[in-house]
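Colleague: My questions will all concern the structure given below.
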Amino acid sequence: MEKQIAIIGAGLSGLLACRYTFSKGFHPIVFEATSSIGGVWTKTVETTKLQTPKPFYQFSDFPWPDSVTDDFPNQHQVLDYIESYAQRFDLLKHIEFNTKVVGINYEGPSQEEMESWSLWGGTGEPFSSRGKWKVQVQDTQTLSTEEYLVDFVILCIGRFSDVPNVPEFSPGKGPEAFHGEVIHAVDYFNMDYQSARKFLKGKRVTVVGFQKSALDIASECAEANGVEHPCRVLYRTEHWTVPDYLPWGVSLAYFYLNRFAELLVHKPGEGFLLSLLPTILSPLRWAFAKFMETHCKNKLPLAKFGMVPKHSFLQEINSCTLSTVPDKFYDKVEEGSILLKKAPSFSFCKEGIKVDGEDQLLETDLVILATGFRGDEKLRDIFLSKFFQECIVGSPTSAIPLYRECIHPQIPQLAVLGFSESISNLFTSEMRSRWVAELLDGTFKMPSIKEMEEDVKKWDQYKKRYSRSYYRRSCIGALHIWYNDQLCKDMGWNPKRKKGFFAELFEPYGPMDYVSPS
């Protein structure tokens, strides 16, 4: 009998998991709460574009069509590309739309027995005759519920949706004290483009945040209202934003996406000789970062507006906070339709916002909180078991405890895809999907729970070492090749994908290098 695989979410990771598990002869069922595929790409700001150059953001065996000529395609082009991929591999037939998974529960060995295991699932195998997952699903249109019993679960619920991160305020100093309107960026994303423009028109808008969504919303606000009602951007920390990925005419990939670049950093599980190189070559690592920083400062008036970050570009890229600046963003700052205001902390009052430590009131009509999402909470709450809820999120000061960023050592018959970030999330999601499919197919087994936990700790140390105060719990940063090497070795593939010594060392690695396991 075919093993049933429940895949929760039909974003990029869900589609990839569906494609590769089906190719191995399993029976995937994809539960998608909305009526369409594409995940975060279904609802974006009108001006949103891909942040990663398209050669590094594509499926390994399904290149972008020739009709898409822009290096940074817009939302419609990205969504069309994703939908074309789903049609090409006939994935839609596996998807149950408008079905929201409200909880999953493991039916099998007791918690006490699971805690005594030395191997994942007791045997190191992905399936067990003693355990299955019960998936509780609600039809979002009829509100009726149904339960599915499956052999394995793949969570592809992402981090950037559903559970908004709303800052906490002292009593009487939060949004309730404000007589204007406060929304989260997700509420703005959910509007159609025409409604969004109309919503902003004629209002004094304050956007809180300085990541990609905040910058996109501020740009649209400036377009709608100009200098008559400038959009104020409140930010806590200056971040490196890039005007392009061609510092001084050389692709960024030559500095951070080839094997030579990875020789400059300490890697999880590396041997003694490899560990000497990052120390010896540390001046070159510093020079690479400074080279990129000078490009950003040359192309963007960061110094003029006090926007030069205090941390290095290396920290930025290794904390997965690097973003591209929207077209003409600083032109709008120059003309006065966007106002930048540093506010490490603030509170609300009747007429607007008060920045802590300042007397002047910032009058505003609308506040948009572009403050991200609580992905950890979203991941935790899908489990009905308190034990699994505590396991999956782990310590708040350490990485989400996923071996290979996919498998929790204490949670059997379950994988997580698309939760850990990278420079190119599609690229890493495809590799992880193929790895999980090979695991399910019996190509390899998991090591002991102790070995898995030790590996997670080593990766956590790497993340903290290079991101420092900007540490993110689920980010492999710029260490793509070393990470993919581990996946390739597990699957029995040759991790070296280039032809020739110099190509292997200096040519950038991208999705097309992993098109086949040859």
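Colleague: Using the Kirkwood radius over Cα pairs, work out the Stokes-Einstein diffusion coefficient for segment 175-369 at 20 °C and 1.002 mPa s, in µm²/s as a whole number. Spell out each step's value before the answer.
Modeller: On the way: Rh = 18.7 Å.
D, rounded to a whole number, is 115 µm²/s.
Colleague: I'd like to know which of Gly249, Pro326, Thr397 lies farthest towards the positive end of the charge dipole of the chain, counting +1 on Cβ of Lys and Arg and -1 on Cβ of Asp and Glu.
Modeller: The residue sitting farthest along the positive end of the dipole is Gly249.
Colleague: Let me ask you something else. Please list His76, His229, His239 from largest to smallest accessible area, probe radius 1.4 Å, with all protein chains kept in place. Provide the component values of the computation, followed by the final result.
Modeller: Values: His76 110, His229 50, His239 25 Å².
I get His76, His229, His239, largest accessible area first.
Colleague: With the full set of protein chains in place, find how many percent of the accessible area of segment 353-407 is carbon and sulfur; take the probe as 1.4 Å. Can you show the working numbers first?
Modeller: On the way: 1010 of 2290 Å².
Within segment 353-407, the accessible surface is 44 percent carbon and sulfur.
Colleague: What residue among Asn225, Ser195, Met292 has its Cα farthest toward the positive end of the dipole of the chain, where the charges are +1 on Lys, Arg and -1 on Asp, Glu, each on the Cβ?
Modeller: Among Asn225, Ser195, Met292, the one farthest towards the positive end of the dipole of the chain is Met292.
Colleague: With the Cα gyration tensor of the chain in hand, give its eigenvalues times 5 under a square root as the equivalent ellipsoid semi-axes, listed largest first in whole angstrom. Walk me through the intermediate numbers first.
Modeller: Values: eigenvalues 275, 170, 102 Å².
Working through the eigenvalues yields semi-axes of 37, 29, 23 Å.
Colleague: Could I ask something else about it? Heads up, I need the accessible area for Cys349: 1.4 angstrom probe, whole protein in place, Å², nearest 10.
Modeller: Ignoring ligands and nucleic acids, Cys349 comes out at about 30 Å².
Colleague: Stokes-Einstein diffusion coefficient for segment 374-482 at 37 °C in a medium of 0.692 mPa s, Rh from the Kirkwood formula over Cα pairs: what value in µm²/s?
Modeller: Working: Rh = 14.5 Å.
My calculation gives 226 µm²/s for D.
Colleague: For the chain, what is the accessible area per residue in Å², given a 1.4 Å probe and the full set of protein chains?
Modeller: 43 Å²
Colleague: Counting other Cβ atoms within 10 Å, keep those with at most 12, restrict to DSSP loop, and tell me which trypsin sites (Lys or Arg not before Pro) in segment 306-393 are left.
Modeller: Answer in residue order: Lys310, Lys350.
Colleague: Shape verdict for segment 292-380, please, from the Cα gyration tensor: rounded (a/c under 1.5), prolate (a/b greater than b/c) or oblate.
Modeller: Details: a/c = 1.92, a/b = 1.17, b/c = 1.64.
It is oblate, given that a/c is not under 1.5 and a/b is not larger than b/c.
Colleague: Where a ≥ b ≥ c are the square roots of the eigenvalues of the C-alpha gyration tensor, would you call segment 87-239 rounded, which needs a/c under 1.5, or, failing that, prolate if a/b is larger than b/c, or oblate?
Modeller: Values: a/c = 2.72, a/b = 2.09, b/c = 1.30.
Taking the square roots of the gyration eigenvalues as a ≥ b ≥ c, segment 87-239 is prolate.
Colleague: Under a Cβ-Cβ limit of 4.7 Å, which cysteines in the chain have nobody to pair with?
Modeller: That list is Cys18, Cys156, Cys296, Cys349, Cys391, Cys406, Cys488.
Colleague: Putting +1 on Lys and Arg Cβ atoms and -1 on Asp and Glu Cβ atoms, find which of Thr206, Leu314, Ala261 reaches farthest to the positive end of the dipole of segment 175-369.
Modeller: Most positive-ward Cα: Ala261.
Colleague: Helix-derived [θ] at 222 nm for the chain: sum -39500 (n - 2.57) over DSSP H runs of at least 4, divide by residue count, nearest 500?
Modeller: Working: 18 runs with 175 residues, N = 518.
Counting only the DSSP helices, I get -10000 deg cm²/dmol.
Colleague: Let me ask another. For the chain, with only Lys/Arg (+1) and Asp/Glu (-1) charged at the beta-carbon, what is the dipole magnitude about the Cα centre, in debye rounded to 20?
Modeller: Values: 58 positive and 65 negative charges, 248 e Å.
With only Lys, Arg, Asp and Glu charged at Cβ, the dipole is about 1200 debye.
Colleague: So, one more: For segment 420-510, which trypsin sites (Lys or Arg not before Pro) are both in a DSSP coil and crowded by at most 12 other Cβ atoms within 10 Å? Intermediate values should be presented prior to the final figure.
Modeller: Values: sites: Arg432, Arg434, Lys445, Lys450, Lys457, Lys458, Lys463, Lys464, Arg465, Arg468, Arg472, Arg473, Lys489, Lys496, Arg497, Lys498, Lys499; in loops: Lys445, Arg472, Arg473, Lys496, Arg497, Lys498, Lys499.
Sites meeting the loop and neighbour criteria: Lys499.
Colleague: Can you pull out the GluC sites (Glu not before Pro) in segment 101-181 that DSSP calls coil and that have at most 12 other Cβ atoms within 10 Å? Please report the intermediate quantities before stating the final value.
Modeller: Values: sites: Glu107, Glu112, Glu113, Glu115, Glu146, Glu147, Glu168, Glu176, Glu181; in loops: Glu168.
Of the GluC sites (Glu not before Pro), the ones in loops of segment 101-181 whose Cβ has at most 12 other Cβ atoms within 10 Å are Glu168.
The values are calculated or read from the model by the stated rules, or taken from the named source; none is laboratory data. Note that the structure is a prediction, hence the values are computed from the model and not measured. Glycine gets a Cβ as well: all are built from the backbone with ideal geometry, and neighbour counts include every protein chain shown. The accessibility values were calculated without ligands, DNA or RNA, using every heavy atom of the protein model including side chains. Shrake-Rupley method; radii C 1.70, N 1.55, O 1.52, S 1.80 Å.
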